[in-house]
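Working notes for the structure below.
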Amino acid sequence: MTSQKKPRKVIPIVSDTSQEEFVSLYEAQKKIYPRSTSGYFTNWRWITLWITQVVFYGMPWLEWGNRQALLLDITTHRFYIFGLILYPQDLIYLAVILIIAALALFLFTAVAGRLWCGFSCPQTVYTKIFLWIESKIEGDRAARIKLDSAKLSVNKVFKKWLKHFVWISFSMWTGFTFLGYFTPIRELIQNIMHVSLGPWETFWICFYGFATYGNAGFLREQVCKYMCPYARFQSAMFDKDTLIVTYDEERGEPRSGRSRNVNAKEKGLGDCIDCSFCVQVCPVGIDIRDGLQYECISCGLCVDACDSVMDKMDYPRGLIRFSTQNGISQHWSKHEIVQKILRPRVLIYSAVLMLLCIGFAVSLGLRSSFTVDVLRDNGVMSRLVPDGNVENVYRLQITNATELPETYRISVSGLKGLSVVSKKEFKVKAASSRMFSVSLQILDGSTNSGSHKIMFEIDAVGKPEHVSEQSIFYLAR
Ligand code: SF4
Ligand code: SF4
């Protein structure tokens with residue numbers, strides 16, 4: 001029997017007395033039991049899952065010299081990114097990194113749709129891990145449905161307890177790893193082993209741990225559907241040449257169940273055998289045959305599921321496939337679809353992204369390995385010293401952004417006869433800041449009274465690096 005495409009359901013509530021019809025805007029949440037599948041995209045999801053997780057769990061353990069390679073140390077206001085050390089004044093670099101990441105996501109979305117969501121997003125990756133644990137303990141889709149609807153028994157309680165125990169243990173390890181990006185992870189594990197974890201560290205491990213447990217164990221696809229802002233604004237980046245997972249309606253309809261021996265062409269049937277395998281494997285619980293939907297995370301599982309059905313039926317693969325709206329409607333070949341990738345929107349995103357990356361690399365390359373802040377000593381504006389000179393006192397803060405101790409030499413320019421009378425060379429330890437007092441003097445009467453612009457010239461001894469900082473020398477009337 002041929003079944004037609006079903007319209008989406010609304011729940012009419014008819015009042016007996018008034019005969020008015022109300023449509024409920026609230027849709028009761030149904031638990032989704034995704035069925036496992038195998039195939040090309042399933043394999044790729046496992047590959048990206050392993051890569052992202054090995055990087056996430058392994059990165060905090062990587063060493064660079066005698067410190068953690070990647071450490072965002074908020075308490076000391078230093079971000080260590082391999083050989084690079086960023087200070088609060090370098091926050092612009094972090095801002096640019098975030099802008100580059102956002103723009104790369106725009107570009108990627110314009111070209112390949114929501115591949116990020118389906119293959120790399122932490123929410124979908126952790127949901128996949130949690131589902132895998134669930135299926136190992138409770139069984140695949142049918143077994144899980146059966147277990148959930150079964151009466152309370154020792155077997156049910158044990159399986160549920162075991163699942164939640166593994167989920168919580170895994171979540172806590174995730175919370176611990178996450179905190180390891182902000183606190184040296186080796187210290188953190190020592191503190192755990194000696195039961196001397198601080199209250200804030202305990203709080204953040206539990207916070208991130210339970211966020212993982214809640215999001216991947218319970219909220220799952222609802223995060224993608226209702227909470228993720230990317231799902232909402234991605235439609236602004238889509239056009240008819242963006243890669244999406246799509247059902248070939250022209251080829252599939254009219255859909256109908258049948259045996260392998262039936263000649264579909266003779267019966268006027270499409271290739272969809274209405275087995276609902278594509279719906280059962282979908283982690284967000286949608287039917288891709290209803291058309292492009294914002295819930296779809298482009299995970300490709302329905303493609304694998306349908307291809308396996310097509311193989312069994314001896315039909316060509318690709319009834320559900322990655323394609324574009326134009327590709328499907330105009331029957332384009334793969335080559336024609338790929339050719340359309342280089343469209344104006346993609347070229348503009350690419351050009352802006354490239355400019356930003358080049359600007360970022362150049363600015364990072366020219367970045368000085370030390371910074372200087374000059375503060376006037378407001379307590380002593382200007383004073384006459386016994387040898388007939390006028391003196392101003394300054395406080396210089398030098399930040400050494402390298403991983404070796406450095407010596408800095410200070411001189412002054414901008415006012416004839418002005419010289420540094422205090423110590424001229426200062427040592428600063430690796431990756432640290434020091435404050436120094438510097439006195440400048442000039443012969444009284446050698447220049448006009450009032451404010452004079454001067455420059456502090458600071459050189460890193462034995463290096464070609466130089467920093468100039470402006471200040472004011474004041475001569476009282
Ligand atoms: S419709 Fe297909 S590609 Fe989209 S989320 Fe569901 S299974 Fe993944
Ligand atoms: S898996 Fe393929 S054949 Fe089965 S219902 Fe989905 S589209 Fe139709």
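The values are calculated or read from the model by the stated rules, or taken from the named source; none is laboratory data. Please read these numbers as outputs of a predicted model, since none were measured by experiment. Note: ideal-geometry Cβ built from the backbone for every residue, glycine included; neighbour counts use all protein chains shown. Each accessible area value is taken on the protein alone, full model and side chains, heavy atoms only, with ligands, DNA and RNA left out. Shrake-Rupley method; radii C 1.70, N 1.55, O 1.52, S 1.80 Å.
Some values worked out for this structure:
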read-out: Subset tally (residues that are of a type in the set (Ser, Thr, Tyr), under 26 Å from residue 125 (Cβ atoms) and away from ligand 1 (no atom under 16 Å from the Cβ)) for the range 319-353; value: 1
read-out: Residue in the range 80-101 that is aromatic (Phe, Trp, Tyr), surrounded by 13 or more Cβ atoms within 10 Å (Cβ to Cβ), at pLDDT 95 or above and under 18 Å from the mean Cα position of the chain (by Cα) present; value: no
read-out: Residue 312, sole failed condition from (1) part of a loop (DSSP other than H, G, I, E, B); (2) open to solvent by 10 Å² or more (accessible area, probe 1.4 Å); value: (1)
read-out: Test: residue in the range 299-318 that is near ligand 1 (Cβ under 10 Å from one of its atoms) and on the phi > 0 side of the Ramachandran plot; value: yes
read-out: Close pairs from the range 416-428: first touching a residue at least 24 places away in the same chain (Cβ under 8 Å), partner in a loop (DSSP other than H, G, I, E, B), Cβ under 8 Å, at least 6 apart; value: 416/446; 416/447; 417/446; 417/447; 425/461; 428/405
read-out: Top-ranked residue in the range 380-412 [being of a type in the set (Ser, Thr, Tyr) and not in a strand (DSSP E or B); ranked as nearest to the chain's Cα centre (by Cα)]; value: 402
read-out: Pairs with Cβ under 7 Å, 6+ apart, first in the range 50-61 and within 12 Å of residue 122 (Cα to Cα), second open to solvent by less than 40 Å² (accessible area, probe 1.4 Å) and assigned to a helix (DSSP H, G or I); value: 52/125; 56/177
read-out: Of residues in the range 194-250 being in a helix (DSSP H, G or I) and charged (D, E, K, R), the one farthest from residue 288 (Cα to Cα); value: 201
read-out: Among the residues listed as 173, 161, the single one being open to solvent by 50 Å² or more (accessible area, probe 1.4 Å), within 20 Å of the chain's Cα centre (by Cα) and at pLDDT 95 or above; value: 173
read-out: Close pairs (6 angstrom Cβ cut-off, 6 or more residues apart or separate chains): free of Cβ contacts under 8 Å to residues at least 40 places away in the same chain in the range 277-294, part of a helix (DSSP H, G or I) anywhere; value: 287/279
read-out: Filtered residues of the range 315-349 (kept if away from ligand 2 (no atom under 16 Å from the Cβ), over 15 Å from residue 237 (Cα atoms) and outside any loop (DSSP other than H, G, I, E, B)); value: 326, 327, 329, 334, 335, 336, 337, 338, 339
read-out: Top-ranked residue in the range 263-286 [being part of a loop (DSSP other than H, G, I, E, B) and in contact with a strand residue (DSSP E or B) (Cβ under 9 Å, 6 or more places away or on another chain); ranked as farthest from ligand 1 (Cβ to nearest atom)]; value: 268
read-out: Single residue of the range 346-372 satisfying the filter (open to solvent by 70 Å² or more (accessible area, probe 1.4 Å) and modelled with pLDDT under 95) that is nearest to residue 459 (Cα to Cα); value: 366
read-out: Residue that is nearest to residue 33 (Cα to Cα) [pool: residues in the range 222-239 that are surrounded by 14 or more Cβ atoms within 10 Å (Cβ to Cβ) and charged (D, E, K, R)]; value: 225
read-out: Filter result for residue 201 (more than 24 Å from the chain's Cα centre (by Cα), away from ligand 1 (no atom under 16 Å from the Cβ) and open to solvent by 30 Å² or more (accessible area, probe 1.4 Å)); value: no
read-out: Test: residue 413 is within 30 Å of residue 90 (Cβ to Cβ), among the small types (Gly, Ala, Ser) and open to solvent by less than 50 Å² (accessible area, probe 1.4 Å); value: yes
